[in-house]
Amino acid sequence: MARVVLTQPLPRVLALERALARRGHEVTRLSFTRIQARPMVGLAARLDAVDWVVAVSPAAVEALALALNDAWPERPGLALVGPGSLKALQQTGLRVPAARLSFPTEAPFDAGAMLSAGPLASPSGYRVLVVRGDGGRDDWIDSLRIRGAQVEVLSLYERQATAPEPEACARFGKWVADSVPVYCVLTQSSAAAALAALPEAAPLHRDASPVIALAIHARIAEAATVAGFHRVQLIDPGENAIAAAIECGAVT
């Protein structure tokens with residue numbers, strides 16, 4: 001059994017929390033954001049007017065399934081950024097034919113990898129709809145446009161700031177003051193900074209801190225280092241990869 005801190009947004013984090021608890025781990029949830037889907041009218045018709053839909057995250061996949069009432073339109077393909085999004089798709093009722101599904105098959109799992117292989121590697125003439133939450137990086141979207149794609153961006157959900165529960169913060173404080181390893185799962189750069197800034201997190205800045213940051217992307221790993229984590233491990237995204245990193249003692 002390991003001590004695990006989850007920082008993913010609500011309500012997405014709840015499924016991973018339950019899964020890791022079933023595997024026997026002691027889990028504390030410290031979420032700093034909540035995802036709120038926006039109501040969408042006529043989205044299926046809008047999707048049927050494009051060639052490819054790009055869902056930038058598992059949250060985007062879930063918001064897409066909700067807005068479409070789990071019915072994928074006939075025309076477009078769906079591009080995903082990695083196994084976390086693919087897992088989210090499988091957990092919804094949204095059934096996209098395999099021939100119209102594209103995603104990276106090996107790390108790094110990000111927008112750059114998605115654009116380097118598959119149909120979007122040569123996007124000239126394609127009509128593309130990017131679905132995401134508020135904000136996010138636009139450099140890869142600009143790259144699609146430069147290479148000839150017609151790109152629209154649609155915000156399907158918003159991120160609302162939320163404060164972790166005081167009991168969870170207190171438990172985290174006790175853990176980081178101990179000598180037993182604590183695995184902090186980071187899926188957003190902002191979560192790394194917010195977690196390190198908690199008053200209860202002060203001991204993690206010590207060289208001998210038991211805290212181990214598990215980051216699903218190099219940018220997040222860099223943010224964790226900047227925030228003061230001394231032990232940072234880059235891992236693949238998704239429930240299986242997270243569990244493997246924890247259970248196999250990936251960090252020494």
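The values are calculated or read from the model by the stated rules, or taken from the named source; none is laboratory data. Keep in mind it's a predicted model, so treat the numbers as computed, not measured. No Cβ is skipped: glycine too gets one built from the backbone with ideal geometry, and neighbour counts run over all protein chains shown.
So for region 29-48 (the condition being surrounded by 15 or more Cβ atoms within 10 Å (Cβ to Cβ), assigned to a loop (DSSP other than H, G, I, E, B) and β-branched (Val, Ile, Thr)), does at least one residue qualify? Within region 29-48, not a single residue is surrounded by 15 or more Cβ atoms within 10 Å (Cβ to Cβ), assigned to a loop (DSSP other than H, G, I, E, B) and β-branched (Val, Ile, Thr).
Does Ala208 count as under 21 Å from Arg34 (Cα atoms), among the small types (Gly, Ala, Ser) and either surrounded by fewer than 21 Cβ atoms within 10 Å (Cβ to Cβ) or within 16 Å of the chain's Cα centre (by Cα) (or both)? When the stated conditions are applied, Ala208 does not pass them.
Scanning region 60-77 turns up one or more residues that are touching a residue at least 40 places away in the same chain (Cβ under 8 Å), of a type in the set (Gly, Ala, Ser) and not in a helix (DSSP H, G or I).
Counting only residues that are small (Gly, Ala, Ser) and at pLDDT below 90, which one in region 36-56 is farthest from Asp110 (Cα to Cα)? Here the residue is Gly42. Of the residues Ala21, Ala15, the single one that is closer than 18 Å to Glu167 by Cα, among the hydrophobic types (A, V, I, L, M, F, W, C) and not in a strand (DSSP E or B) is Ala21. Take the conditions (1) under 22 Å from the mean Cα position of the chain (by Cα); (2) part of a strand (DSSP E or B); Ala221 misses just one of them, which is (2).
Only one of these is in the same structural domain as Gln8 (by TED's automatic domain parsing), surrounded by 20 or more Cβ atoms within 10 Å (Cβ to Cβ) and in contact with a Cys (Cβ under 9 Å, 6 or more places away or on another chain): Ala224, Ala194. Name it. Quick ask: steps written out before the conclusion?
Working: Ala194 fails: in contact with a Cys (Cβ under 9 Å, 6 or more places away or on another chain).
Among Ala224, Ala194, only Ala224 is in the same structural domain as Gln8 (by TED's automatic domain parsing), surrounded by 20 or more Cβ atoms within 10 Å (Cβ to Cβ) and in contact with a Cys (Cβ under 9 Å, 6 or more places away or on another chain).
Where strands (runs of 3 or more DSSP E) fall entirely within region 101-191, those with at least 2 residues that are modelled with pLDDT under 95 and among the polar types (S, T, N, Q) are at 150-161. If you filter region 93-141 down to residues that are of a type in the set (Gly, Ala, Ser) and under 21 Å from Leu64 (Cα atoms), you find that the one that is surrounded by the most Cβ atoms within 10 Å (Cβ to Cβ) is Ala111.
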